[in-house]
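One structure is given here, and the rest of the page talks about it.
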Amino acid sequence: MSTAPWVSVPADSGFGLGHLPYGAAVLGDDAQHLLVRIGDDALDLNEAGAAGLLDELAAGIDAGAVTPETLRAVVDAPVLNPLLAAGPAVWAALRGRVTELLTDPAYRDRVVLRPLDALTPVLPWSVGDYVDFYSSEHHAANVGRMFRPTAPPLYPNWRHQPIGYHGRAGTVVVSGTDIVRPRGQYPVDGTPTFGATRRLDIEAEVGFVVGTSNDLGTPISTVDYRGHVFGVVLLNDWSARDLQAWETVPLGPFLGKSFATSVSAWVTPLAALAAAGVAGPDQDPPVLDYLREETPSGLDLELLVRWNGEVVSRPPFATMYWSPAQQLAHLTVNGARVRPGDLYASGTVSGPEAGQRGSFLELTWNGAEPVTLADGSTREFLLDGDEVVISATATGVDGRPITLGAVTGRIRPARD
Ligand code: CA
């Protein structure tokens with residue numbers, strides 16, 4: 001089998017054979033099709049299954065109990081959830097077979113490739129429960145310094161467990177969806193007032209898409225992380241800081257977060273990030289046993305935040321204090337169940353440097369240090385019409401860079 005695709009892939013593409021992320025789009029027949037991205041095209045998985053191209057398993061794949069019928073069944077769906085539920089052996093078998101279809105010229109005339117510029121990607125899976133963590137020490141400490149200047153920057157629990165909250169899955173939207181400025185309640189000169197948020201912000205994060213379930217009552221250990229998590233998306237946790245500040249005590253984030261959470265249209269399988277693994281910072285004090293990791297699950301992703309085209313931040317995901325395996329272990333340690341399609345996010349990714357902060361709250365130090373954009377204008381928080389793009393790169397398994405699917409959103413005015 002050749003190791004080069006027969007499909008034309010631009011030399012600088014972050015979507016080569018080593019990547020192969022999954023997505024979906026609604027096509028001319030009004031049906032939603034599952035796709036695998038290669039370069040500037042996408043292989044149509046539903047068509048591949050229907051044409052019998054998944055009836056043979058790839059050479060060299062240890063299929064275990066995986067059968068062609070299983071592969072056909074998981075792509076005979078408009079969403080990725082059946083694939084997510086099928087588990088690591090099926091994930092590996094499908095990835096192997098798709099690689100074979102894209103490298104063996106015998107399939108050139110049988111594979112349906114769809115040019116991306118003719119597609120509008122949609123959310124490729126049905127999101128179950130959604131959890132957002134708070135796992136960057138630099139982010140948590142920056143917020144602490146801004147809002148509790150006389151207290152220690154971190155709360156006493158922070159280094160002992162990954163802090164998080166349960167969010168709103170129903171308002172997770174695909175990249176490119178416009179974001180309507182939310183309205184809500186916040187104090188003006190001490191008087192509670194209702195209106196459009198004046199402090200609309202982003203949080204640049206990495207999201208983890210859950211594959212297989214656990215049984216209710218059975219925690220997922222850090223060792224079993226790779227058996228339960230399918231892949232990675234970039235995520236923007238849009239935040240209305242004035243609503244958030246007024247409502248968040250004592251129970252945590254609510255309406256200041258739940259109006260929209262954007263995710264990238266392409267889900268990068270963990271298998272594509274096997275060469276991007278990295279150990280996070282030393283954890284001191286030592287963590288409790290259930291949070292210990294034998295193999296670090298951190299990822300060396302370089303995020304990039306563009307505000308109206310200007311690069312304003314480069315948050316390094318490798319600096320996250322709590323890893324995705326620790327987050328999943330903590331999320332389930334009380335016996336809580338995860339299901340295929342659940343989503344959990346890292347929390348704002350902020351590095352130690354000023355140019356590595358993943359929110360405008362931190363970048364502008366709560367509005368005190370405005371950011372200058374490419375057109376010379378300045379910003380404290382988002383204005384109507386502003387666009388934010390979060391992208392990321394990593395080293396792929398073949399040594400070539402991988403570009404994660406970007407997550408973009410433009411702010412529309414509040415409704416009357
Ligand atoms: Ca967040």
When you look at Arg357, is it of a type in the set (D, E, K, R), within 26 Å of His166 (Cβ to Cβ) and more than 16 Å from the ligand (Cβ to nearest atom), yes or no?
no
Taking the residues in the stretch 353-384 that are surrounded by 13 or more Cβ atoms within 10 Å (Cβ to Cβ) and within 22 Å of Asp300 (Cβ to Cβ) as candidates, determine which candidate is modelled with the lowest pLDDT.
Ala354
Give me the pairs: first residue in the stretch 278-297 and exposed (fewer than 11 other Cβ atoms within 10 Å of the Cβ), second residue at pLDDT 95 or above, beta-carbon distance under 7 Å, and six or more apart or on different chains, which are they?
Pro285/Arg159; Glu294/Val223
Would you mind telling me which numbered condition in (1) closer than 21 Å to Thr319 by Cβ; (2) in a strand (DSSP E or B) Val389 fails?
(1)
Among helices (runs of 4 or more DSSP H) entirely within the stretch 70-169, at least 3 residues that are under 29 Å from Ala272 (Cβ atoms) and within 16 Å of the ligand (Cβ to nearest atom) occur in 137-147
Before we move on, is Ala318 open to solvent by less than 60 Å² (accessible area, probe 1.4 Å), closer than 24 Å to Pro253 by Cα and away from the ligand (no atom under 16 Å from the Cβ)?
no
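Which ones in the stretch 1-42 are of a type in the set (Gly, Ala, Ser) and part of a strand (DSSP E or B)?
Taking the stretch 1-42 as the starting set, the residues that turn out to be of a type in the set (Gly, Ala, Ser) are 2, 4, 8, 11, 13-14, 16, 18, 23-25, 28, 31, 39, 42.
Result: Gly23, Ala24, Ala25, Ala42.
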Kindly indicate whether any position in the stretch 256-263 is within 19 Å of Ser135 (Cα to Cα), open to solvent by 10 Å² or more (accessible area, probe 1.4 Å) and either at pLDDT below 95 or of a type in the set (D, E, K, R) (or both).
yes
Among (1) outside any strand (DSSP E or B); (2) farther than 16 Å from Ser359 by Cβ; (3) within 18 Å of the chain's Cα centre (by Cα), there is one condition Val173 misses while meeting the rest; what is its number?
(1)
Return the pair list, or none, for Cβ contacts closer than 8 Å from residues in the stretch 117-142 that are open to solvent by 40 Å² or more (accessible area, probe 1.4 Å) and modelled with pLDDT of 95 or more to residues that are within 14 Å of the ligand (Cβ to nearest atom) and charged (D, E, K, R), at least 6 apart or on different chains.
His138/Arg357
Out of Gly176, Gly227, Gly252, Gly190, which single residue is touching a residue at least 24 places away in the same chain (Cβ under 8 Å), away from the ligand (no atom under 16 Å from the Cβ), at positive phi and open to solvent by 10 Å² or more (accessible area, probe 1.4 Å)?
Gly176
Just name the residue that is nearest to the chain's Cα centre (by Cα) out of those in the stretch 196-213 that are more than 16 Å from the ligand (Cβ to nearest atom) and open to solvent by 10 Å² or more (accessible area, probe 1.4 Å).
Thr212
Determine, yes or no, whether Leu243 is assigned to a strand (DSSP E or B), open to solvent by less than 10 Å² (accessible area, probe 1.4 Å) and either on the phi > 0 side of the Ramachandran plot or within 16 Å of the ligand (Cβ to nearest atom) (or both).
no
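The values are calculated or read from the model by the stated rules, or taken from the named source; none is laboratory data. Bear in mind that the values here come from a model prediction, so they are computed numbers and not experimental data. Note that each Cβ is placed from the backbone with ideal geometry, even for glycine, and that neighbours are counted across all protein chains shown. What goes into the accessible areas is simple: the full protein's heavy atoms, side chains included, and nothing from ligands, DNA or RNA. Shrake-Rupley method; radii C 1.70, N 1.55, O 1.52, S 1.80 Å.
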